[in-house]
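The values are calculated or read from the model by the stated rules, or taken from the named source; none is laboratory data. Small disclaimer: the values here were computed from a predicted structure and weren't measured. Here the Cβ positions follow ideal geometry from the backbone for every residue, glycine too, while neighbour counts run over all protein chains shown.
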Amino acid sequence: MPPPTLDAAPASLPRAIRDAVLGIGLLSAMDAAVKLATASLPVVQVTFLRFAFGAMAIAVAVAWTRPRVPTLEALRINFVRGLLVVATGLSFFTALSRLPLAEATALSFLAPSFMALFGAIFLKERVGGRALAALAIGFAGMLVIVFGQGGFGQGELPGGSASGVGLDPLGVVAGLAAAVFYALAMVLVRARARIDGVVTIVALQHLFPALVLAGPAAFVWQPLTGDLVWLFGLVGTLGVGGHLLLARAFRSAEAARIAPIDYTALVWAAALGLVLFGEVPGLATLAGAVLIVAGAVVASRR
C-alpha cells in the first residue's frame, strides 16, 4: 500500500478551519519554547536552530510522502518566501525576547489584516476597502496595547509583568515588522500551495532559512546544553506540525477567510505565559487584542 500523502485534493472549508486552529495551537506552543531559549542564546542562533531542527523534522515527512521534485520556478519563488520567513523569525523572536508572550502575540494579530490587504493586492481576492478599515482598527488596538501600559519603557518587570513600566520599544517595532513579513509569506503560500504541494512548501520553508542563517549564526554561536538540544527538538517538531496544518488550510480557502483564526493564539499565549513565565495580561492588552481581532473579522467578511 503506498504511503499517505498530504498533497491530496483540497479539503472543505470546515476542515481548513480545523487545520488552522490546530496549527495555530502548535505554533503558539513553539513560541513559548522559543521564548525560553532566548533567555540563554542570541536571537540569531535561536532562529537558525528553529529552522535547522525543523528541517530535520520535515525530512521525515518528505521521506514518507515522496512529493514531486520542485521545479526551478518553485525553488526561486520559495527562496524569496524563505527570505521573508527569515525576516519574520528574526523579528518575532526579537519581540518574544523583549515582550511578555501575550503582548508579543497580540501585536502579531495585525498579520491577518495585512494578509487580507496583500491578498487583495497580489492575489486579486475580493476584500475591497474592508482591508484598509481593518488595518485602521488593528493599529488602534496596537496603540491601546502600547500606551495603555504606560507607552514605551525599558521592558518587562521580573516575572514577566509589564505593568507600570511600559513595553520595550524595540520589541514593539519587531512585533509589527514580524506581522508584515508573516502576512507576505502566508500570501505566497496561498499563491503556490495548489502548485507545489504542502510538504514541498514546508520543506523549502525550513531548508532555505536554515541555509541563509547558518553563516550569521556561526558568528554568535554559543554551546548547546543537553536541555537546549531537547528544547529545539521540540521547537522543530511543533513548528513543522503547525506549518503543515496551516499550509493545508491555506490550500483549501482564501487567505482572508483563514486569516482571522490567527487570533485564537491569544488564548494559548495567555495560558502558556501564565504557566511558564508568570505573565498576566493586563486590561490594555485584552482591550487592544479585541480591537485587532475586530479588524481581522472586518477584513474577512464579504
Next on the checklist: Looking at region 279-290, can you tell me whether even one residue there is buried (at least 18 other Cβ atoms within 10 Å of the Cβ) and within 18 Å of Ala37 (Cβ to Cβ)?
Outcome noted: yes
Item to check | Contacts under 6 angstrom Cβ, first residue in region 72-94 being free of Cβ contacts under 8 Å to residues at least 60 places away in the same chain and over 19 Å from Ala247 (Cβ atoms), partner buried (at least 20 other Cβ atoms within 10 Å of the Cβ) and aliphatic (A, V, I, L, M), 6 or more apart | outcome: Phe93/Val34; Phe93/Val43; Phe93/Val46
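Filter region 52-67 down to residues that are in contact with a Gly (Cβ under 7 Å, 6 or more places away or on another chain) and not small (Gly, Ala, Ser), then give me how many there are.
So the count comes out to 3.
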Next on the checklist: Give me the residue from region 139-198 that is part of a loop (DSSP other than H, G, I, E, B) and within 21 Å of the chain's Cα centre (by Cα) and, out of that set, modelled with the lowest pLDDT.
Outcome noted: Gly197
Checklist entry - Within the bounds of region 111-126, is there any residue that is modelled with pLDDT under 85, touching a helix residue (DSSP H, G or I) at 6+ places or on another chain (Cβ under 7 Å) and of a type in the set (S, T, N, Q)? => result yes
Checklist entry - Can you find a residue in region 250-267 that is at pLDDT 90 or above, in a helix (DSSP H, G or I), surrounded by fewer than 21 Cβ atoms within 10 Å (Cβ to Cβ) and of a type outside the set (Lys, Arg)? => result no
Next on the checklist: With the structure loaded, tell me whether Val34 is modelled with pLDDT of 90 or more and in contact with a Lys or Arg (Cβ under 7 Å, 6 or more places away or on another chain) or whether it fails that test.
Outcome noted: yes
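Using the structure shown, decide if Arg50 is at pLDDT 90 or above, in a helix (DSSP H, G or I) and crowded, with 22+ Cβ neighbours inside 10 Å.
yes
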